[in-house]
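The structure appears right after this line, and notes come after that.
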Amino acid sequence: MPSEHISTSARSAPYEQNDKRYLWHPFTQQQLWEAEPQLVIERAEGCYLIDVDGRRYLDGISSLWANIHGHGRPEINQAIKQQLERVAHTTMLGLTHPTAIELGKRLVKLAPGKLSRVFYSDTGATAVEIALKMAFQYWQQADPPQPNKRAFLSLRNAYHGDTVGAMSVGGIDVYRRAYNHLFFPTIPLEYTACTCGSQPACNACRMPCLDIIERTVAQHADELAAIVLEPLFQGAAGIQTYPAGYTRAVWEIARRHGLLFIVDEVATGFGRTGKMFACEHEGIEPDIMALAKGLSGGYLPLAATLATEEIYQAFLGSISEGRTFYHGHTYTGNPLACAAALANLDLFEQEQTLEKLQPRIEQLRQGLEHLRHLPMVAEIRQCGLVAGIELARDGEREQPFPPERRVGARVTLEARKRGVILRPLSDVVVLMPPLIISEDELAYLLMVVEDALSIVAVEEAMHEEEQHV
Ligand SMILES: *Cc1c(COP(=O)(O)O)cnc(C)c1O
C-alpha cells in the first residue's frame, strides 16, 4: 500500500530512522510502525498539517480531537508568547496566578448547571481520575457521611483515559485486557433486550437499556458513589451515538437514587457537538465534569475537573479533620496552557464559532447521507461536527471484517495519499475536523473519504473473490 505520497524522502529518512530507533508511540503496535513508512509533520497552519517535504494534509481529526480554531492561530500564539514573557510555569500548590484565576472564572460562567469550582490538571485521564477521587471522598465527608458509597457505574465500551482509575471505569476490552487485575471493581450492567420503550431501542445503539440501568442502580444505590458517562456519544467506542434523551435519562436515574453524576466532556466539550458543552443539548446538570482536549484550543496539555459548591463544601475543615483533597500534579494550572485556553475562549466569542459551525454540521450531514450507500458502509453516526463511519462486509454490521484485513487503517492510508489525515477506531473511520473548517475544505474531506472508501471496497471485493476460487 505504500504510495509515492507517503514514501520516505531524503528529508524525512533521518527523522524516520531515529524515530524508529528511539521512540515508542502510544496505542501503536511498534512492529508494524517500524515496518511501514511514516509521516513526519513539521508545521501546521489552519486546518492543514505540513510534512518535512512541504506536503499539506487536511487535519481530519483535529490532531486527535483537540484542535478547535485551526493551527498557528496568531491570537493563541500571541497569548502564549505574552504569557511566556511573564512566566512559563509557577506552581498552584501554595501559590496562584492571574491566568489560572481568569480562566477558572470564565469556565464557571460557561459551565452547565451548578458547577462552580475548577480543579486543574493536564490530560483527560487525570481530569477523570480526579473526578473519581473527588466523588469517592465526597461520600466519606458528606453530611451525613455515607462511606459505603464507594463503587462506580460506567458503560461497556466507555473510554475515560488510560490511567488505572480512568481505565477501571473504561469498558473497551482490547485496551483493558492486559491490566484486568489492576482495576477497582465496578458495578456491571447487563446488556439484554431493551424494555424501556426508547425510540430507537437502546440496544439498537449498543447501549444498555435504561430500565436495566435504573434497576441496577436501585439495587446498588447504597454502594454507588457515581455514574460516569460520556454525554451524547461514546467517542473511542467508534462515535457510538445514543438515542435522543438517553444522556438526560441516565442523569435522572443518578439523581433519583442520590448518586453523583460525572460527565466526561473531554471529547465533546468546546463546540464539537454544536454547543459549547454536550450537556446543554439535554439540559443536564452534572455534579462533576471532566474537560481536556479542546480546552486549550488543542495547543497545550491542559485539563480541568469542575465540581459543584456542594461537593467543594464537603472538603472544607481543619487540617486534623482530614477533609483535604490530596491530589495535585507539578504542572497543574500551567500558565502557558491557561493563556492558550483563554485565547481559545476569546476566539469562540470574537468569531461566533458556534453560530458559524451550524452550516458546516448540516453540510457534514448531507455529505454523509451521500456515503451511506457505499458498499462497505454499515452505519454512519453523527453528532455535531463529529462522525463515525462503520465499515463491515457487505455493509452488514453483523459481519465485521477480520482485523488482519486492517480495513479502517487502509481507508485512512488511501485518504493520506489524497492529502487528508484520518485515524480510524478499528473499522470505524472517524471524522472530527477543527470547528473552523471551511465549506470547501469540508467538501474536499468528504470527497476524499468517498474515494478512499470506494478504492478499499474494490480491493476487498477482489480479495473475497480470490478466497472463493
Ligand atoms: C481522549 C479522552 C480521554 C482521555 O484524555 P487524554 O488527554 O488522552 O488523557 C478521556 N475521556 C474521553 C471521552 C476522551 O475522548
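Among the residues of the range 135-157, count how many are within 27 Å of Thr241 (Cα to Cα) and surrounded by fewer than 21 Cβ atoms within 10 Å (Cβ to Cβ). Explain how you work it out, then say what you get.
If we filter the range 135-157 for residues that are within 27 Å of Thr241 (Cα to Cα), which is where we start, we get 135, 151-157.
When the remaining residues are screened for being surrounded by fewer than 21 Cβ atoms within 10 Å (Cβ to Cβ), the result is 151, 156-157.
Adding up the residues that qualify gives 3.
Residues of the range 215-245 that are crowded, with 18+ Cβ neighbours inside 10 Å and over 21 Å from Gly269 (Cβ atoms): Thr216, Val217, Leu224, Ala225, Pro243. A count restricted to the range 247-281 and to residues that are without any contact (Cβ under 8 Å) to a residue 24 or more places away in the chain and either in contact with a helix residue (DSSP H, G or I) (Cβ under 6 Å, 6 or more places away or on another chain) or within 12 Å of the ligand (Cβ to nearest atom) (or both) stands at 0.
Please work out if Gln363 is among the polar types (S, T, N, Q), more than 25 Å from Ala131 (Cβ to Cβ), surrounded by fewer than 17 Cβ atoms within 10 Å (Cβ to Cβ) and out of contact with any Leu (no Cβ under 8 Å at 6 or more places or on another chain).
Numbers: among the polar types (S, T, N, Q): yes; more than 25 Å from Ala131 (Cβ to Cβ): yes; surrounded by fewer than 17 Cβ atoms within 10 Å (Cβ to Cβ): yes; out of contact with any Leu (no Cβ under 8 Å at 6 or more places or on another chain): no.
So Gln363 does not fit the description; no.
Filter the range 306-341 down to residues that are surrounded by 20 or more Cβ atoms within 10 Å (Cβ to Cβ) and part of a helix (DSSP H, G or I) and give me whichever is farthest from the chain's Cα centre (by Cα). In this case the residue turns out to be Ile311.
Taking first residues from the range 365-379 that are without any contact (Cβ under 8 Å) to a residue 40 or more places away in the chain and partners that are of a type in the set (A, V, I, L, M) and in a loop (DSSP other than H, G, I, E, B), the Cβ contacts under 9 Å between residues at least 6 apart in sequence or on separate chains come to Ala378/Ala392; Glu379/Ala392. The helices (runs of 4 or more DSSP H) found wholly in the range 12-126 and carrying at least 3 residues that are more than 24 Å from the chain's Cα centre (by Cα) occupy 12-22, 30-35, 74-86, 98-110. Exactly one residue among Gly170, Gly94 is within 16 Å of the ligand (Cβ to nearest atom) and without any contact (Cβ under 8 Å) to a residue 24 or more places away in the chain, and that residue is Gly170.
Where a number appears in this text, it was derived from the coordinates with a stated rule and is not lab data. All figures in this text were calculated on a predicted structure; none of them were measured in a lab. We place every Cβ from the backbone using ideal geometry, glycine too, and count neighbours over all the protein chains shown.
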